[in-house]
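The values are calculated or read from the model by the stated rules, or taken from the named source; none is laboratory data. From a predicted model like this one, the values you see are computed outputs, not experimental measurements. Cβ placement follows ideal geometry from the backbone for every residue including glycine, while neighbour counts extend to all protein chains displayed. SASA here: full protein model, heavy atoms, side chains in, ligands and nucleic acids out. Shrake-Rupley method; radii C 1.70, N 1.55, O 1.52, S 1.80 Å.
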Amino acid sequence: MIYRNLGNTGLKVSEVGMGCNRLGESSQPDEHWISLVKRAVELGVNVFDTSESYGWGRSEEMLGHAIGNNVDVHIATKMSGVRGAHESDYSAKRMIENIEGSLKRLKRDCIDIYQLHSPNRQDMERFDWADGMEKLKKQGKIRVSAMAVNSASDGIWLIEQGYIEALQITYNIFETEAEERLFDLAEKNKVGLLC
């Protein structure tokens, strides 16, 4: 994982991150997960990528117990848009309500990187999520507005609109589309990347 070029956000650049999708699973006791995170920090991991939806909040909860308000460790968490079986909600109202749960579970005053979890383009265009991000930044509850996207074209659109400061994108040997235009555009616009 790499976040870089976070422009004027004040967030330190990091190249050592850990995904926390399975953190807090019931297959191990809480102490196991808390020790795992603490050991990762000792080894130099300083960005943890989680979501309110990972383990129904358990991932955030384990990070909160292990890290809390440690300013040397950065948290990137996401708000899921799922409300019902086929319904999504990326509204500012829902985002502002949900941030309180994430802050409480993470035992933090502020979330470093707050992302929306993989909305489709239609949802990006129809909801007022950008207003919610701006309001949360003004309240000091988030530092960096971000989005996890499913395609390089969605990432390019977000950067061109000036909506985000950081972007999570799939990039691997099988999905190299981001190389064609997104990486250069992100660098030019000082948008941080988590690949």
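Here are a few things to note about the model shown:
- Cβ charges +1 (Lys, Arg) and -1 (Asp, Glu), total dipole of region 141-195, debye: 380 debye
- Rounded FRET efficiency, nearest 0.05, which uses the C-beta distance separating Lys104 from Glu125 and R0 of 41 Å: 0.85
- Straight-distance crosslink candidates among aspartates and glutamates, where the alpha carbon sits under 16 Å from Lys135 and sequence neighbours closer than 8 are dropped: Glu97, Glu100, Asp109, Asp112, Glu165
- In this structure, Glu87 and Asn172 have a Cβ-Cβ separation that, at R0 = 30 Å, corresponds to a calculated FRET efficiency of about 0.45.
- Estimated 222 nm signal from helices in the chain, with DSSP H stretches of n ≥ 4 weighted -39500 (n - 2.57), rounded to 500: -10500 deg cm²/dmol
- A 1.4 Å probe, protein heavy atoms only, puts the accessible area of Tyr171 near 90 Å².
- Heavy-atom surface analysis with a 1.4 Å probe gives the chain a carbon and sulfur content of 46 percent of its accessible area.
- Surface accessible to a 1.4 Å probe, Ser102 within the full protein complex, Å²: 0 Å²
- Rolling a 1.4 Å probe across all protein chains gives His74 an accessible area of roughly 10 Å².
- The residues Cys20, Cys110, Cys195, sorted by heavy-atom accessible surface at 1.4 Å with ligands and nucleic acids left out, run Cys195, Cys110, Cys20 from largest to smallest.
- Relative contact order of the chain, defined on C-alpha pairs under 8 angstrom at six or more residues apart (%): 21 percent
- Largest to smallest accessible area among Phe174, Phe127, Phe48 [probe 1.4 Å]: Phe174, Phe127, Phe48
- For the set Ser35, Ser59, the ranking by accessible area, highest first and with no ligand, DNA or RNA atoms included, is Ser35, Ser59 under a 1.4 Å probe.
- From phi via Karplus (6.51, -1.76, 1.60), per-residue ³J(HN,Hα) for region 121-132 in Hz, x at Gly/Pro: 4, 4, 5, 4, 7, 9, 9, 8, 4, 4, 5, x
- The chain - charge dipole about Cα centre, Lys and Arg +1 at Cβ, Asp and Glu -1, debye rounded to 20: 560 debye
- Contact order normalised by residue count of region 72-173, Cα under 8 Å, 6+ apart, percent: 27 percent
- Percent RCO, i.e. relative contact order, over region 115-195, from Cα pairs under 8 Å lying at least 6 residues apart: 28 percent
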